[in-house]
Structure formats: structure tokens, C-alpha cells
1. Could you list, in sequence order, all residues of region 288-301 that are in contact with a strand residue (DSSP E or B) (Cβ under 7 Å, 6 or more places away or on another chain) and farther than 9 Å from SER337 by Cβ?
2. Taking the condition of being free of Cβ contacts under 8 Å to residues at least 40 places away in the same chain, under 18 Å from the mean Cα position of the chain (by Cα) and part of a helix (DSSP H, G or I), how many residues in region 141-166 meet it?
3. State all residues of region 308-320 that are part of a loop (DSSP other than H, G, I, E, B) and touching a strand residue (DSSP E or B) at 6+ places or on another chain (Cβ under 8 Å); if no residue qualifies, say none.
4. Kindly indicate whether PHE131 is surrounded by 17 or more Cβ atoms within 10 Å (Cβ to Cβ) and in a loop (DSSP other than H, G, I, E, B).
5. Select the strands (runs of 3 or more DSSP E) contained entirely in region 250-307, then report the ones holding at least 2 residues which are under 19 Å from the mean Cα position of the chain (by Cα) and among the β-branched types (Val, Ile, Thr).
6. Just to be sure, is GLY102 surrounded by fewer than 22 Cβ atoms within 10 Å (Cβ to Cβ), under 17 Å from the mean Cα position of the chain (by Cα) and modelled with pLDDT of 95 or more?
7. Given the conditions (1) touching a Gly at 6+ places or on another chain (Cβ under 9 Å); (2) in a loop (DSSP other than H, G, I, E, B); (3) under 21 Å from VAL163 (Cα atoms), and given that PRO112 satisfies all but one, which numbered condition is not satisfied?
8. Answer with yes or no whether THR24 is part of a loop (DSSP other than H, G, I, E, B), within 22 Å of LEU170 (Cα to Cα) and not hydrophobic (A, V, I, L, M, F, W, C).
Amino acid sequence: MIITPTPKERGFYMPAEWEQHEATWLSYPHNEDSWPGKIETIFPSYHLFIKTLTEVETVHINVQDQAMEDHVRQALKEAGAFMVNVEFHQFPTNDAWCRDHGPAFLLNSKTPGLRALVNWNHNAWGGKYPFELDTQIPAHIAKKLGITMFEPHIVMEGGSIDVNGNGDLLTTESCLLNPNRNPSLSKEHIEEHLRAYYGVDNIIWLGDGIAGDDTDGHVDDLSRFVDTDVIVTAVEEDRNDENYAPLQANLKLLKNCRLANGKQPTIVELPMPSIVEWEGQRLPASYANFYICNGLVIFPTYKCDNDTRAAYILEECFPTREVVGIDSTDIIWGLGSFHCLSQQMPA
């Protein structure tokens, strides 16, 4: 359902991730089913992620209850986090993937300082997992912050889109057109919602996602805006790898696309890491799942040679930011990494 006047018509838009943040929102991991047999192994890297964030901005953390808050507070102190920049909220969740169940924050081009959020429906990537608590998170946050909340009443996940804050949005057909999301909506209707609620003009559609991705092809594992007219995109160099063909197809689509301003974007190729597996399962390891915060870019590493290559490429893409690699070889067993775990709140 598209309200009128639309958020876009009112001046609202989703800014690029590299624009100044007031804070980052997280939902603390607790669901052992997401990291079966090894959830305890993720916390050193996860706590380092939070510690790094607290050095540059406020971090809001959703926890289940007071007991979890007390436990996490102590763990973060021991990890060296800058606790004055940590705020806890007892907003229970099913899982940790705040990129997808958290809100999409909007700014207003007509009224500086005016902020709103979009509460998309969340159905756990097509009904794959429980989501009755996760889907309530945007409403909790809107009430806490006292800001306007728009409700389109269609399924959308934060990791399924990426924006440049200049009228353009990246997404994939394999996710947004999957019948397990919005089976009654056509591609054109979905585009109408994207334009109305993200405040964009131009939508760039890619194809399939990477192997092991249970989201049906989130774009934040594939291609990301790193500037208004620059897109970094994952490529697999091994022709025998199952990711080679879909990533080459996406690369071709990007090379032939145009931005809202009529320009052809500059495309930067980002290598894929070596195959990461656990218990015989291929995991969706990708360097594209980086998170841009104030002054930093935090990207996942996988204990392989391409970690260094990826760091160099990202440093060239973000010359004014420090690029920080944090090991994600255990976190990726949950089928996501740092971008999937976080949601930016613009200043």
C-alpha cells in the first residue's frame, strides 16, 4: 500500500551509508539455531566489531531482557568497548540480523534534521525461520525515538537493497521478485514502492546471488555503492566455481546500466574469498558485506590470501576512511556478516 502524498513526495529519502551517522543499531546474537554448534565462537569478532564502532559513533543494542543486558555490558567492558557510546534496549528479537528486521531510516531534503523510518514487513527471508519478534523492532525504535513511521505493508529487507543517496538503488530479481516475498506484486508495483519509500528515481536490477545465501540473493553480498557514481561488485575468478557465472552476469548488467543522472557508473571489481565451508555446507562468504560507519569501513576477512587484496581495493574506494578487517570465518556460519548485522541511523 502506497500512501499519498508518498514519503518521497514529502521530501524523505534514504541517505547513502557513507553519510554521517548518529548511531548504529544492532540486535545481540542469542539464537543458537543460527550458529548451530558454535555460537560461542562468534563473540570475539562480534565484540571487536562493537568495540570498533564505539570508537566512532553511538551503538544501540537490542537485547532480550535485563539478564542479557547485564551479561553483554560486562562482555563489552572486557572487550575494551567505549561504553559511554553504548545504549541498550530491551527489545526482544528472534535473531541478530538487524539489517533486515531493523528499520530503514530516512532524512528529509525539505526540512533539515527531520527524520523518519520505514517499517517494512519482515517474514524471515520467505518464511524460513521464526520472525514474530523481529518484525516488531522498527515500531519499538520509532516509539523510542519519537519519529514518524511509514508502513508500506509489503515484505522488504535492508540487505536486499543499496542506495547512493542520489536517486539510485541496487537490488536483485532473485530476491525481490521471489514469490516467497510479495507474490501478489508485479515488478512494476515493487518498483513503485521502492521509489515511494526509499525516495529514489532509478532502480538497477541484478540477477542471482551467491552460493550458500539463504536470503535468495541479497545485493549486499554482491554489489555496493561506494560513491554516488561508483559501484564495487564481487567477481569470482575461478571459472569452475559455482559463483563465477552469476557474478559475471551481474558484472555485465552493471557495465550496461545508467544512473539517474544519466552517467554510466564506474565499476570496481572486488575478488571473492576462498571457499568457506562448515560441516560440508558452502557459506556465503563475500567481501562486499562491509559496513561503512563514521570514518571507517569494517569488512569481513576469511583467513585467505584475498583478504589483503580486498583491503587494498576498499582502501582505494574509501581514501578518507580507515579500512578495518575483522575475522568473519565463524560469524559467516550464521549466513551473514557485518553489514547483515548492522543498521545505520543517519545524523
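The values are calculated or read from the model by the stated rules, or taken from the named source; none is laboratory data. What you are looking at is a predicted structure, and each value in this text was computed from that prediction instead of being measured. Positions of Cβ are generated from backbone atoms using ideal geometry, with glycine treated the same way; all protein chains shown enter the neighbour counts.
1. Passing the criteria: ALA288, CYS293, ASN294, GLY295, LEU296, VAL297, ILE298, THR301.
2. Residues flagged as free of Cβ contacts under 8 Å to residues at least 40 places away in the same chain, under 18 Å from the mean Cα position of the chain (by Cα) and part of a helix (DSSP H, G or I) within region 141-166 amount to 0.
3. PHE318
4. The answer is yes for PHE131.
5. Passing ranges, in order: 296-301.
6. No: the conditions fail for GLY102.
7. (1)
8. Criteria not met by THR24.
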